[in-house]
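A.B. asks: Before I ask anything, let me first share the structure, which is written out below as structure tokens.
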Amino acid sequence: MKPLKSVTSLNAWSALEALSQREMPHLRELLKDPVRSHSLNLKGLGLELDFSCQRINAEVMQALQELAKESSLAQQIKSLFLGEAVNTSEQRAALHPALRSIEGDTVSWSQDIARDVRVELNRFCAFAENVRQQKHLGFSDQAFTDVVNLGIGGSDLGPRMCVQALSNTHSSPQGSSSNKLPRVHFVSNVDAWALYKVVRELNPKTTLFIVQSKTFSTQETLLLASSAKEWLVQNGCPPDQLCRHLVAVTANTALALKSGYQESQIFKFWDWVGGRYSVWSAIGLPLAIAIGEKKFKEFLSGARAMDDHFVHTPWDRNLPILLALIGIWNNNFLKANTHNVAPYSFLLSHFTPYLQQLEMESNGKGVDHNMQALEVNSSPIVWGGLGIDGQHAYFQLLHQGSHLVSVDFIGLKTDSCPLSHAQEHHACLVLNMKAQAKALAQGRSLEDTIKELSQIGLSESEVAQIAGHRTFRGNSPSTSIWLDEMTPKTLGALMVLYEHKVFTQAAIWSINPFDQWGVELGKKIAQQLKDS
């Protein structure tokens with residue numbers, strides 16, 4: 001990739017700086033315009049994005065699109081999908097979209113890569129089905145009731161999030177002799193208690209461990225795997241039968257083979273797959289076991305559909321690009337340097353931690369492609385959690401704190417929970433999500449607060465004492481993202497929406513989102529301390 005200009009030297013950047021200095025009407029005024037609200041509501045691929053509560057107008061949106069154009073975004077998207085070396089510090093491609101391609105696609109990357117991806121996909125999906133159908137047996141010739149995933153970072157966050165998100169779709173495979181599927185657990189933390197808390201409830205005769213590590217040298221993961229093996233042996237597994245309980249997922253298959261894993265239970269991915277982009281590969285094996293091959297491939301198809309949308313849809317209707325551009329407006333021009341992600345669905349309990357890695361590990365950079373210090377902020381600080389819980393915790397800061405925080409609300413239009421009165425529960429979630437977005441946008445002026453307090457019978461002196469505490473500034477920007485329903489396809493589309501948002505922002509900031517050198521120094525020092 002050729003060196004790109006500093007973003008601050010672009011004409012559109014200067015235009016946006018000028019626009020940010022102008023006084024725009026408060027969101028409570030902007031939201032009164034139904035034409036504007038309608039134009040800022042876009043739908044596609046089972047998703048609906050409502051940008052009406054963002055502090056933007058047509059002039060700002062036009063300038064943001066010019067910024068993307070001047071940043072050579074179109075060429076950088078083309079380079080990504082051509083398989084060029086967009087990971088400039090490691091001089092390799094970032095071909096995670098290849099993991100989502102299907103046979104018959106006209107692909108930009110090599111046919112060898114496409115073939116290898118399909119072969120490995122079919123291998124690990126077949127293994128997943130064998131586990132689900134109780135055909136894969138442990139040392140006592142019993143089927144596995146539990147699967148424990150050992151991995152950290154991208155080997156944990158993506159699969160863990162997806163298994164939880166799609167827990168509404170888990171069902172026993174046809175032909176299974178039991179209605180009970182294997183339970184899937186995750187251990188990422190090297191603290192012994194994290195592993196012990198899981199395995200103390202399990203039967204070693206019926207427990208399968210998936211050891212996930214790109215290099216197969218990750219210290220935390222290998223230590224967890226060693227303890228898992230010891231637990232199996234201490235509980236009756238003959239050492240020569242350990243291999244029946246161990247699966248490896250890695251880019252270093254030779255090392256896994258050398259470490260005693262059976263070749264038939266080693267699944268590979270490639271060095272062009274970053275950990276945070278790897279759930280589409282064999283790293284997704286725990287998810288394939290949880291939901292089955294058919295639904296896993298539906299998950300991939302939803303992701304692929306968002307790839308196609310990103311590449312082919314005009315920018316004024318392109319969901320990832322619009323999400324990215326508005327994020328840049330908030331972060332770099334409105335100075336909202338922290339970004340809250342608030343899902344209003346328990347199924348998305350782990351979505352915010354997943355996004356923290358995707359966004360901050362990708363775009364938490366301080367130098368550009370030319371190794372020059374950035375003159376602007378890159379990734380905002382991403383934080384948050386389930387919105388309905390956050391309302392009783394950090395939402396106080398969002399409404400009345402001194403920080404300007406941008407928010408992504410994420411909710412489901414429909415929910416299929418079989419619990420009695422589940423629809424009443426769901427309606428409560430939807431109302432709260434809509435209300436919080438509206439409250440953050442509109443706020444309540446001092447004048448309106450005084451009027452309301454007076455109407456409930458407070459005296460003039462009482463109103464004067466508390467009115468300031470009951471006033472809300474509003475004008476806090478948010479996007480509401482609605483999924484039609486939680487399915488493998490819509491989850492895949494949602495995840496790739498954010499993947500390409502991250503890529504678009506990196507392209508504009510002229511940074512490399514595909515390396516993560518920031519995680520290396522602490523590891524190196526830890527090893528030095530261990531060796532000293």
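The values are calculated or read from the model by the stated rules, or taken from the named source; none is laboratory data. Computed from a prediction, not measured in an experiment: that's the story for all the values here. For neighbour counting, all protein chains shown are included, and Cβ atoms are generated from backbone atoms with ideal geometry for every residue, glycine included. Surface areas here come from the heavy atoms of the whole protein model, side chains and all, with no ligands, DNA or RNA. Shrake-Rupley method; radii C 1.70, N 1.55, O 1.52, S 1.80 Å.
A.B. asks: Being surrounded by 22 or more Cβ atoms within 10 Å (Cβ to Cβ) and either at pLDDT 95 or above or over 26 Å from THR88 (Cβ atoms) (or both) is true for just one of LEU358, LEU347. Which residue is that?
C.D. replies: Testing whether each residue is surrounded by 22 or more Cβ atoms within 10 Å (Cβ to Cβ) and either at pLDDT 95 or above or over 26 Å from THR88 (Cβ atoms) (or both) leaves just LEU358.
A.B. asks: Right, LEU322: part of a helix (DSSP H, G or I), under 16 Å from ALA507 (Cα atoms) and not aromatic (Phe, Trp, Tyr) or not?
C.D. replies: When the stated conditions are applied, LEU322 passes them.
A.B. asks: Also, I was wondering about something else. Being modelled with pLDDT of 95 or more, among the β-branched types (Val, Ile, Thr) and surrounded by fewer than 23 Cβ atoms within 10 Å (Cβ to Cβ) is the requirement here; does ILE152 meet it?
C.D. replies: Working: modelled with pLDDT of 95 or more: yes; among the β-branched types (Val, Ile, Thr): yes; surrounded by fewer than 23 Cβ atoms within 10 Å (Cβ to Cβ): yes.
Spelling it out, ILE152 is indeed modelled with pLDDT of 95 or more, among the β-branched types (Val, Ile, Thr) and surrounded by fewer than 23 Cβ atoms within 10 Å (Cβ to Cβ).
A.B. asks: Check whether at least one residue in region 275-294 is surrounded by fewer than 19 Cβ atoms within 10 Å (Cβ to Cβ) and of a type in the set (Lys, Arg), and report yes or no.
C.D. replies: yes
A.B. asks: Here is a check on your reading of the model: is PHE81 under 30 Å from GLY236 (Cα atoms), in contact with a Ser or Thr (Cβ under 8 Å, 6 or more places away or on another chain) and not small (Gly, Ala, Ser)?
C.D. replies: On the way: under 30 Å from GLY236 (Cα atoms): no; in contact with a Ser or Thr (Cβ under 8 Å, 6 or more places away or on another chain): yes; not small (Gly, Ala, Ser): yes.
In short, no.
For every residue, the table says whether it meets (1) closer than 27 Å to LEU398 by Cα; (2) free of Cβ contacts under 8 Å to residues at least 60 places away in the same chain.
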residue	(1), (2)
LYS438	yes, no
GLN442	yes, no
LEU453	yes, yes
SER459	no, yes
VAL463	yes, yes
LYS501	yes, no
THR504	yes, no
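A.B. asks: If I go through region 402-426 residue by residue, how many of them are surrounded by fewer than 12 Cβ atoms within 10 Å (Cβ to Cβ) and either assigned to a helix (DSSP H, G or I) or in contact with a Pro (Cβ under 8 Å, 6 or more places away or on another chain) (or both)?
C.D. replies: 1
A.B. asks: On to the next question. So which of ILE511, ILE466 is assigned to a loop (DSSP other than H, G, I, E, B) and farther than 27 Å from GLY284 by Cα?
C.D. replies: Unique residue meeting the criteria: ILE511.
A.B. asks: While we're on this one: Those residues that are open to solvent by 10 Å² or more (accessible area, probe 1.4 Å) and either part of a loop (DSSP other than H, G, I, E, B) or within 14 Å of LEU80 (Cα to Cα) (or both), I need them from region 487-500; list them, please.
C.D. replies: THR487
A.B. asks: So THR313 passes all but one of these: (1) surrounded by 24 or more Cβ atoms within 10 Å (Cβ to Cβ); (2) of a type in the set (Val, Ile, Thr); (3) over 19 Å from the mean Cα position of the chain (by Cα). Which condition number does it fail?
C.D. replies: (1)
A.B. asks: Turning to a different aspect of this structure: Within region 430-471, which residues are more than 43 Å from the chain's Cα centre (by Cα) and buried (at least 17 other Cβ atoms within 10 Å of the Cβ)? Before you say what the answer is, go through the steps one by one.
C.D. replies: Looking only at region 430-471, we keep the residues that are more than 43 Å from the chain's Cα centre (by Cα), and these are 451, 454-465.
The one that is more than 43 Å from the chain's Cα centre (by Cα) and buried (at least 17 other Cβ atoms within 10 Å of the Cβ): VAL463.
A.B. asks: Of the conditions (1) modelled with pLDDT of 95 or more; (2) closer than 30 Å to LYS524 by Cα, GLU220 satisfies every one except a single condition; which number is it?
C.D. replies: (1)
A.B. asks: Please work out which residue is farthest from CYS428 (Cα to Cα), limiting yourself to region 328-346 and to residues that are touching a strand residue (DSSP E or B) at 6+ places or on another chain (Cβ under 7 Å) and not polar (S, T, N, Q).
C.D. replies: Ranking the candidates gives ALA336 first.
A.B. asks: Residues of region 325-350 being part of a helix (DSSP H, G or I) and more than 25 Å from ASN512 (Cβ to Cβ), which ones?
C.D. replies: PHE346, LEU347, LEU348 - these are the residues of region 325-350 that are part of a helix (DSSP H, G or I) and more than 25 Å from ASN512 (Cβ to Cβ).
A.B. asks: Then there is this: Going by the conditions given, is PHE127 under 20 Å from VAL198 (Cβ atoms) and open to solvent by 10 Å² or more (accessible area, probe 1.4 Å)?
C.D. replies: In short, no.
A.B. asks: Okay, moving on. Can you say whether ASN235 is touching an Asp or Glu at 6+ places or on another chain (Cβ under 8 Å) and more than 30 Å from LEU355 (Cα to Cα), as far as the supplied structure shows?
C.D. replies: Working: touching an Asp or Glu at 6+ places or on another chain (Cβ under 8 Å): no; more than 30 Å from LEU355 (Cα to Cα): yes.
So ASN235 does not fit the description; no.
A.B. asks: From LEU73, LEU95, LEU82, grab the single residue that is over 19 Å from SER480 (Cα atoms) and surrounded by fewer than 19 Cβ atoms within 10 Å (Cβ to Cβ).
C.D. replies: Selected residue: LEU82, the only one of LEU73, LEU95, LEU82 that is over 19 Å from SER480 (Cα atoms) and surrounded by fewer than 19 Cβ atoms within 10 Å (Cβ to Cβ).
A.B. asks: Now for a different question. Quick check on my filter: what residues within region 36-67 are touching a Ser or Thr at 6+ places or on another chain (Cβ under 7 Å) and aliphatic (A, V, I, L, M)?
C.D. replies: LEU40, LEU47, LEU49
A.B. asks: Please state which of the following conditions ALA192 fails to meet, knowing it meets all the rest: (1) modelled with pLDDT under 95; (2) more than 20 Å from PHE296 (Cα to Cα).
C.D. replies: (1)
A.B. asks: Another question, if that's okay. Can you tell me which residues in region 19-38 are open to solvent by 70 Å² or more (accessible area, probe 1.4 Å) and hydrophobic (A, V, I, L, M, F, W, C)?
C.D. replies: Passing the criteria: only VAL35.
A.B. asks: Could you check VAL519 against (1) open to solvent by 10 Å² or more (accessible area, probe 1.4 Å); (2) of a type in the set (A, V, I, L, M, F, W, C); (3) part of a loop (DSSP other than H, G, I, E, B) and say which number it fails?
C.D. replies: Exception for VAL519: condition (3).
A.B. asks: Right, here's the next one. Which of (1) under 22 Å from GLY284 (Cα atoms); (2) part of a loop (DSSP other than H, G, I, E, B); (3) not hydrophobic (A, V, I, L, M, F, W, C) is the odd one out, the single condition PRO97 does not satisfy?
C.D. replies: Of everything listed in (1) under 22 Å from GLY284 (Cα atoms); (2) part of a loop (DSSP other than H, G, I, E, B); (3) not hydrophobic (A, V, I, L, M, F, W, C), PRO97 misses just condition (2).
A.B. asks: Confirm whether VAL211 is touching a Phe, Trp or Tyr at 6+ places or on another chain (Cβ under 7 Å) and at pLDDT 95 or above.
C.D. replies: So VAL211 fails the test.
A.B. asks: Restricting attention to region 368-401, which residues are surrounded by fewer than 13 Cβ atoms within 10 Å (Cβ to Cβ) and in contact with a strand residue (DSSP E or B) (Cβ under 8 Å, 6 or more places away or on another chain)?
C.D. replies: ALA373
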